[in-house]
Amino acid sequence: MGWWQVNADTLARSRFVLSPLAETFASVKLLQWGVGAHPGEQDWLRAHLPSYRARLAADPVTGLLIRAGLGRSWIADFLTPTPRDGESFEEGVARVRAADPAQARAHLRLSVGGPPPAALDRDDLPERAAALLEYVWETAVRPSWERRRHVLEADVVARTAQVSRGGWAAVLDSLRPGTRWLGESRFQVNAHAYPPREISGAELVFVPVTPRAGWVSWEGRERYAVVYPCAGPLAGDHRERVVPAALGALLGPGRAAVLVLLGQGALSTTQLVALTGQGLGSVGRHLRVLRDAGLVERRRAGRSVLYSRAAAGEVLAGAATATGTATASERGAAPGTAPAPAPAPAPERESAPG
């Protein structure tokens, strides 16, 4: 397994960062994989995968580059510069474009595990990689960036609250498969047999993305990043939340959706707005009614107010689930169709220093 030696000061100074470039690269990984982990990803792939494949078919060198760059267990470093706080997509992709061509070829040697294909022995690899990232950003990520950003912000709120409740160990254990707090200042970052790294005193950031993808990256010994997929209900589109028909009829579909989401754990108003697609005022009214009815309770975690199901809410939601299922339209599926089964997560790959 690969692990980092992290002292208390480094962990205490660590923070969560949103990165449009990381979100775009995670989307590239999803497009390369070609299989969605949930209905929201499946819909997105149906909309964008044909044009993505057509673009690579028309540009076989770039197609070969991205396949080699993703590798089997290592991502070519120049493709994933370590995210920086407040960095725009344009600023991030400029770092990809500015990579040294000789270093890019060396990075590909690592990701491939040997000499790269002869067709990649050229100096325009960083430019080609940047152009592909710009294409995916403009056509497939930027149009939904505001919704994605709200989901990412909601994940950060949840993780921050988790730190206040259970400390950093609880967060690190649940970031993504392969991450675990080992004790004695050791943080396992993946399941690969890589040498340990001493990162005490370095800058450490955690970067959520909405696709089911993750990797680590670093720049020298100064900056380290762990990119991880949003947890549980935050990763998918709110339309896929299953609301039992009986519960929707009793409470109304919007209020029932809030109660169902709270079954995944405590959530803030901001998270519920992002997950339901409802306005802040509507979510606030739903929460007030549910609290007055004794179905929901709230508590403060730092600066956030988190809502969760009360005992009566658990009983009501459980009874509704046991007596009926959601209709096709409530699941976001066409009438008469069954939702597609979720595939197993894609193999996660790592990035080395930038």
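The values are calculated or read from the model by the stated rules, or taken from the named source; none is laboratory data. Just so we're clear, the structure is a prediction, and the values are computed from it rather than from any experiment. Neighbour counts are summed over all protein chains in view; Cβ atoms, including those assigned to glycine, are modelled from backbone coordinates with ideal geometry. Surface areas here come from the heavy atoms of the whole protein model, side chains and all, with no ligands, DNA or RNA. Shrake-Rupley method; radii C 1.70, N 1.55, O 1.52, S 1.80 Å.
Hey, which of the helices (runs of 4 or more DSSP H) in segment 1-74, taking only ones fully inside, have at least 1 residues that are over 27 Å from Gln162 (Cα atoms)? Break it down stepwise before answering.
Details: elements: 8-13, 20-33, 39-58, 60-70.
Answer list for segment 1-74: 20-33, 39-58, 60-70.
Can you name every residue in segment 187-221 that is assigned to a strand (DSSP E or B), open to solvent by 30 Å² or more (accessible area, probe 1.4 Å) and touching a Lys or Arg at 6+ places or on another chain (Cβ under 9 Å)?
Answer for segment 187-221, where residues must be assigned to a strand (DSSP E or B), open to solvent by 30 Å² or more (accessible area, probe 1.4 Å) and touching a Lys or Arg at 6+ places or on another chain (Cβ under 9 Å): Arg197, Glu198, Glu203.
Quick check on this structure: which one of Leu11, Leu21, Leu30, Leu45 is open to solvent by less than 50 Å² (accessible area, probe 1.4 Å) and free of Cβ contacts under 8 Å to residues at least 24 places away in the same chain?
Details: Leu11 fails: free of Cβ contacts under 8 Å to residues at least 24 places away in the same chain; Leu21 fails: free of Cβ contacts under 8 Å to residues at least 24 places away in the same chain; Leu30 fails: free of Cβ contacts under 8 Å to residues at least 24 places away in the same chain.
Matching residue, one of Leu11, Leu21, Leu30, Leu45: Leu45.
Looking only at segment 62-74, decide whether some residue is open to solvent by less than 60 Å² (accessible area, probe 1.4 Å), modelled with pLDDT of 95 or more and closer than 24 Å to Ala231 by Cα. Break it down into steps so the answer makes sense when it comes.
Pass one, segment 62-74, residues open to solvent by less than 60 Å² (accessible area, probe 1.4 Å): 62-66, 68-71, 73-74.
Within this subset, residues satisfying the condition of being modelled with pLDDT of 95 or more are 62-66, 68-70.
Those still in the list that are closer than 24 Å to Ala231 by Cα too: 70.
Yes.
State yes or no: is Tyr224 farther than 23 Å from Gln32 by Cα, open to solvent by 30 Å² or more (accessible area, probe 1.4 Å) and of a type in the set (Phe, Trp, Tyr)? Please lay out each step first, then the result.
Numbers: farther than 23 Å from Gln32 by Cα: yes; open to solvent by 30 Å² or more (accessible area, probe 1.4 Å): no; of a type in the set (Phe, Trp, Tyr): yes.
For Tyr224, the condition - farther than 23 Å from Gln32 by Cα, open to solvent by 30 Å² or more (accessible area, probe 1.4 Å) and of a type in the set (Phe, Trp, Tyr) - is not met.
Which one of Leu110, Leu65 is hydrophobic (A, V, I, L, M, F, W, C) and in contact with a strand residue (DSSP E or B) (Cβ under 8 Å, 6 or more places away or on another chain)?
Working: Leu65 fails: in contact with a strand residue (DSSP E or B) (Cβ under 8 Å, 6 or more places away or on another chain).
After ruling out the rest, the residue left standing is Leu110.
Would segment 34-48 turn up any residue that is out of contact with any Pro (no Cβ under 9 Å at 6 or more places or on another chain) and charged (D, E, K, R)?
yes
What are the residues in segment 265-309 that are assigned to a loop (DSSP other than H, G, I, E, B), more than 21 Å from the chain's Cα centre (by Cα) and closer than 21 Å to Gly167 by Cβ, if any?
Keep residues of segment 265-309 that are assigned to a loop (DSSP other than H, G, I, E, B), which gives 265-266, 277-279, 293-295, 302-303.
Narrowing the set further to residues that are more than 21 Å from the chain's Cα centre (by Cα) leaves 278-279, 293-295, 302-303.
Across segment 265-309, the qualifying residues are Gly302, Arg303.
Confirm whether Thr160 is part of a helix (DSSP H, G or I), β-branched (Val, Ile, Thr) and more than 25 Å from Val273 (Cβ to Cβ).
Values: part of a helix (DSSP H, G or I): yes; β-branched (Val, Ile, Thr): yes; more than 25 Å from Val273 (Cβ to Cβ): no.
It is false that Thr160 is part of a helix (DSSP H, G or I), β-branched (Val, Ile, Thr) and more than 25 Å from Val273 (Cβ to Cβ).
Filter segment 298-317 down to the residues that are at pLDDT 85 or above and open to solvent by less than 60 Å² (accessible area, probe 1.4 Å), then identify the one that is nearest to Thr269 (Cα to Cα).
Filtering first and then ranking leaves Tyr307.
Just to check your reading of the model, which residue among Asp123, Asp85 is among the acidic types (Asp, Glu), touching a helix residue (DSSP H, G or I) at 6+ places or on another chain (Cβ under 7 Å), in a loop (DSSP other than H, G, I, E, B) and surrounded by fewer than 20 Cβ atoms within 10 Å (Cβ to Cβ)?
Numbers: Asp85 fails: touching a helix residue (DSSP H, G or I) at 6+ places or on another chain (Cβ under 7 Å).
Only one candidate passes the filter, namely Asp123.
Could you look through segment 240-268, keep only residues that are over 21 Å from Val156 (Cα atoms) and at pLDDT below 80, and pick out the one that is least open to solvent (accessible area, probe 1.4 Å)?
Glu240
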